[in-house]
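> Before I ask anything, here is the structure I am working with.
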Amino acid sequence: MKLEGKVAIITGASKGIGECIAETFAKDGCNLTIVSRHLDEIRATAEKLKKNGVDVLPLKCDVSIPTEVKKMVEKTVARFGKIDILVNNAGIYGPLGPLTDNDLKLWKKTIDINLIGTVTCTKFVLPYMIKARKGKIINFSGGGTGGPPTPTLSAYITSKTAVVRFTEVIAEEVKDSNIQVNSIAPGAVNTRLLDQVLTAADKVDKKFLEKSIKQKETGGTPPEKAAQLVLFLASEDSNGITGKLISAVWDDYQNFNKRLDKIKGTQIYTLRRIDDNFYKEVPK
């Protein structure tokens, strides 16, 4: 087992991808702090995870509130004595529809949870990792990062794109402390966010709605794909990989070790514009 005896914090872990990651980690021998804004849900998830023979601490925490995050981290250290892994999975879609129709309070709340929540959890966990001179942090981007922009999801896409650049910056800040920080795109997983889009069908971009309906009908990307990528990034298998955005669906990360020097030494798997300063045109 790759994570036996390790300690991980997973936010947004009561359902969906977060719960799947928690289950994957627990089966691999990892002790857990699992976090949600809903105490009953996170306690129920904890009871299921404990059947794997690991210690699980369920905590109610709103990641957008620094005082709550600080207490959550302190309780984790008091329980386990260390933090090896942080998975910043908590996130929301926020307001859907054209920006002119959006409630700015909800727009800001999306930034507070998706971006500031990631920043805050990272800030309070890092001192323990720096002291231990090791750690793995995995942040969640989304399908809106890169590729054609999707109208009517401005809050979500803005927040998730910012998470990728934050990942790159922090990876550089802590690389000398043997801490790897990466972000992932989990794929089109059927979660409560998808149900939100389908419920608000009249507000979202038509092309995006069509893709969402098809996703619902076909079952979408299995959450296990994201969980396996997070397991890879949380384990020693990913040593040397940091500051990258990796897709659970499209990237052959299982073979990264065969070309690690190229991955580490180039702009590949990062958030960059394409121009002749970073990339050379391929001759026809």
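> Which value in nm describes the separation of the simple spin-label points at Lys262 and Lys71, placed 7 Å from the Cα toward the beta carbon?
5.0
> I need the helices of the chain that pass two filters: whole DSSP H segments spanning 27 Å or more by Cα along the axis, and mean Kyte-Doolittle score no lower than -0.5.
Working: long enough: 154-174 (30 Å, 0.48).
Span-like helices, by this rule, are 154-174.
> Considering only protein heavy atoms and a 1.4 Å probe, what is the carbon-and-sulfur percentage of the accessible area of the chain?
53
> OK, next. Let me check I have the definition right: for region 111-155, take the eigenvalues of the Cα gyration tensor, multiply each by 5, take square roots. What are those semi-axes in whole Å, largest first?
Semi-axes (√(5λ), whole Å): 29, 12, 5.
> Sticking with this structure for a sec: Can you list the residues of region 99-120 with backbone N under 15 Å from a point 7 Å past the Cα of Glu173, pointing along Cα to Cβ?
Counting backbone N atoms under 15 Å from the label point, the list is 115-120.
> Give me the distance in nm between label points sitting 7 Å out from Cα along the Cα-to-Cβ direction at Lys134 and Asn239, one decimal.
Each label point lies 7 Å from its Cα, and together they span 0.8 nm.
> Next question. Taking N as the number of residues in region 53-161, what value does Rg over Cα atoms divided by 2.2 N^0.38 Å take?
Here the Cα radius of gyration is 1.23 times the empirical estimate.
> Also, I was wondering about something else. Given q = 0.12, 0.29, 0.30 Å⁻¹, what are the Debye log10 I(q)/I(0) values for region 120-180, with equal point scatterers placed on the Cα positions and solvent ignored?
Ignoring solvent entirely, the Cα scatterers give -0.36, -1.19, -1.24.
> Based on the alpha carbons, how large is the Rg to Rh ratio for region 1-103 when Rh follows Kirkwood?
Here the Rg-to-Rh quotient is 1.05.
The values are calculated or read from the model by the stated rules, or taken from the named source; none is laboratory data. As the structure is a computational prediction, the values presented were derived from the model and not from experiment. Cβ atoms come from the backbone with ideal geometry, glycine included; neighbour counts cover every protein chain shown. Just so you know, the surface numbers come from the protein's heavy atoms only, side chains and all, with ligands and any DNA or RNA stripped out. Shrake-Rupley method; radii C 1.70, N 1.55, O 1.52, S 1.80 Å.
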